[in-house]
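See structure below.
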């Protein structure tokens, strides 16, 4: 009986919190961020997801954005244009054109114009399966985040590199304009290598220790843009620990291959999660995103 009472109280609190969140979204004009319809296998729409905004050490401000594809089995391709646009200043601000099923958290960043104030906004509109959804991106104080540090224990996102001694990327900062570049041929597997390092810090909502079978870093590759199909040998390749020691407690390397069905220009996306898991386990930290442009030529 005591357990039942606790569960009922918890459910009531969750309902109050959800209601308060809904009211705040309505007050902010963020109605599109509410998720009004359940998931389907096919035929549903896609809604952008505003994760929040942050300021880098150099003073620049950035919107962190993901999306929710309400289809559980249908990936969608929506080219940049009238049906996939960020305005004003767009339509192309580095958003994806390939939408994986389900919730994809913090996939890319959009630079905030220097002249932006609290009352200004960008709007991301997606029209998919005949359904239109728009979300605002605003400098609202309720949406300030710190995706680079989890302050309770000082956890930080993994550091990734596409080359062993190459440029390091840390945090959810994927931006098409800053993408690495590669070349490939149709139907010829291209090797993808990723080096990752992490501080191996962990904080759970219950205080429980991390499972011994849980890897320090997990990698997920996906198609982000491109005209054809993209097939990964392993979209989630294991990150094997390296024998040589580095500055970080964990250092590893992941290898997979990717094959393209058609020639053209593609963008691949990679997410590196640490122990905190997808979306930082609710803390909006600590994961890293990066993108790679691939020019694919005919055979």
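Got a number for residues in the stretch 69-107 being surrounded by 15 or more Cβ atoms within 10 Å (Cβ to Cβ), touching a residue at least 24 places away in the same chain (Cβ under 8 Å), part of a strand (DSSP E or B) and on the phi < 0 side of the Ramachandran plot? Total satisfying the criteria: 12.
crowded, with 18+ Cβ neighbours inside 10 Å and over 17 Å from residue 189 (Cβ atoms), is that true of residue 252? In short, yes.
Among the residues of the stretch 135-169, those identified as out of contact with any strand residue (DSSP E or B) (no Cβ under 8 Å at 6 or more places or on another chain) and part of a strand (DSSP E or B) are 150, 155.
If I ask for residues that are in a loop (DSSP other than H, G, I, E, B) and surrounded by fewer than 23 Cβ atoms within 10 Å (Cβ to Cβ), which ones from the stretch 255-274 would you list? If the condition is that a residue be in a loop (DSSP other than H, G, I, E, B) and surrounded by fewer than 23 Cβ atoms within 10 Å (Cβ to Cβ), then 261, 262, 263 are the ones that fit. The residue list 183, 187 contains one member that is surrounded by fewer than 18 Cβ atoms within 10 Å (Cβ to Cβ) and either within 17 Å of the chain's Cα centre (by Cα) or in a loop (DSSP other than H, G, I, E, B) (or both), which is 187.
Is it fair to say residue 156 is surrounded by fewer than 18 Cβ atoms within 10 Å (Cβ to Cβ), more than 19 Å from residue 75 (Cα to Cα) and over 15 Å from the mean Cα position of the chain (by Cα)? Break it down stepwise before answering.
Numbers: surrounded by fewer than 18 Cβ atoms within 10 Å (Cβ to Cβ): no; more than 19 Å from residue 75 (Cα to Cα): yes; over 15 Å from the mean Cα position of the chain (by Cα): yes.
Spelling it out, it is not the case that residue 156 is surrounded by fewer than 18 Cβ atoms within 10 Å (Cβ to Cβ), more than 19 Å from residue 75 (Cα to Cα) and over 15 Å from the mean Cα position of the chain (by Cα).
Within the stretch 108-119, the only residue that satisfies the criterion of being surrounded by fewer than 18 Cβ atoms within 10 Å (Cβ to Cβ) and at pLDDT 95 or above is 111.
Within the stretch 289-298, is even one residue outside any strand (DSSP E or B) and under 25 Å from residue 177 (Cα atoms)?
yes
The values are calculated or read from the model by the stated rules, or taken from the named source; none is laboratory data. Just so it is clear, the structure is predicted and the values come from calculations on it, not from any experiment. Methodologically, a virtual Cβ is constructed for each residue, glycine included, from the backbone with ideal geometry; neighbour enumeration extends over all protein chains shown.
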